[in-house]
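The values are calculated or read from the model by the stated rules, or taken from the named source; none is laboratory data. Values in this document were obtained by computation on a predicted structure and should not be read as measured data. Cβ: placed from backbone, ideal geometry, glycine included. Neighbour counts: every protein chain shown.
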Amino acid sequence: MARIGWAEACQLDPSLQSLTRFFDVVPDYAQTLTGGLTNRCWKVVCPVKGAFVWRPITSITQAFSISRFQEYQILKAIEKENIAPQAAFINDQGLLVAWRDGHSLEQEADFDTVLKCLSRIHLLDKQRIPIAPFNYTARVDHYWLQLRDELKDEALESLYQTWRLPPAVDLNRTCLCHFDLGGYNLVKNDDSIQIIDWEYAGIADPCLDLALSIVAADENLPASVARYCQLMNIMEVDEWIDGVKSWLPRTEVMGLLWYLLAYQLRGEEYYLEQATQLKQSLCN
């Protein structure tokens, strides 16, 4: 992360200029942060107010139906729980959140830590979070409709049509879900583990959240769900295993469309390779 003077950083990303309303004095510098396709952010360091992360609104976030305002609403609703960065400022250019000191658990977090963090999130009071429920069909439709025709074929359309509707969901079971929880989004400091990058979070079936994390970590599904149920004091383990399994092909189709859209937007072969692997797996 190279340090860049504030004036130069504002030239590289004009959205940073919108932060002059928040900072009393000019920040010392900014640093680009490594991250995923939709999470190319800045660390901003100010001598008075401290360090923050600027999460801009871009054509990429809009293409993936990411709302910084919804992210802000979630972070404000859970800020007293001390599990996520505090939202400091929101405008039509992006979201500013507090920087969390610590180190990433990407290389060292065992999956039990991820499950414990998932259970903490799922136990939060969803009534305090003023956002609309996650709509799986609307999300995959949004991805599909943006794809150019040359990226579509009969096999892809068949997968999309087969899996574009969600499984039956118990609405009483819905809760706040992170949708991108792995060690890479956990930051450990001296006294706690913080969960970062809430841009995909929403109110949804926790089985979907579990499916996404289990697949991303390539963990054993029955064992992982059983451990989650133990953490949550849930007795109906088999029912929950079936619930997570029902989401698996849907998460793969959603991921497939995500990777194709990422390839369309960025042109990087990595995204096309991931999409091809998912497509082959689903077709087999």
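Brief remarks follow.
- Of all residues in the range 69-83, those that are over 18 Å from Trp54 (Cα atoms) have Cβ atoms under 7 Å from Cβ atoms of residues that are outside any helix (DSSP H, G or I), 6 or more apart or on another chain, in Ala77/Ile129; Ile78/Ala84; Ile78/Leu124; Glu81/Leu124; Asn82/Ser192; Ile83/Gln194; Ile83/Ile195.
- When residues of the range 244-270 are limited to those that are aromatic (Phe, Trp, Tyr) and touching a residue at least 60 places away in the same chain (Cβ under 8 Å), the one farthest from Pro166 (Cα to Cα): Tyr263
- Filtered residues of the range 71-97 (kept if among the aromatic types (Phe, Trp, Tyr) and under 16 Å from the mean Cα position of the chain (by Cα)): Tyr72
- Residues of the range 110-138 that are hydrophobic (A, V, I, L, M, F, W, C) and either assigned to a helix (DSSP H, G or I) or under 12 Å from Cys175 (Cβ atoms) (or both): Phe111, Val114, Leu115, Cys117, Leu118, Ile121, Leu123, Leu124, Ile129, Phe134, Ala138.
- Close Cβ contacts (under 7 Å, 6 or more residues apart or on different chains) running from residues in the range 165-187 that are farther than 30 Å from Gln107 by Cβ to residues that are at pLDDT 95 or above and assigned to a loop (DSSP other than H, G, I, E, B) comprise Val169/Asp205; Arg173/Asp205; Thr174/Asp205.
- Selection over the range 27-55 of residues that are more than 16 Å from Glu8 (Cβ to Cβ), at pLDDT 95 or above and touching a Gly at 6+ places or on another chain (Cβ under 7 Å) gives a count of 1.
- Any hit, the range 230-243, residues being buried (at least 21 other Cβ atoms within 10 Å of the Cβ) and without any contact (Cβ under 8 Å) to a residue 24 or more places away in the chain: no
- Candidates Gln93, Gln107, Gln146, Gln86: the one that is in contact with a Ser or Thr (Cβ under 8 Å, 6 or more places away or on another chain), of a type outside the set (A, V, I, L, M) and more than 27 Å from Asn172 (Cβ to Cβ) is Gln93.
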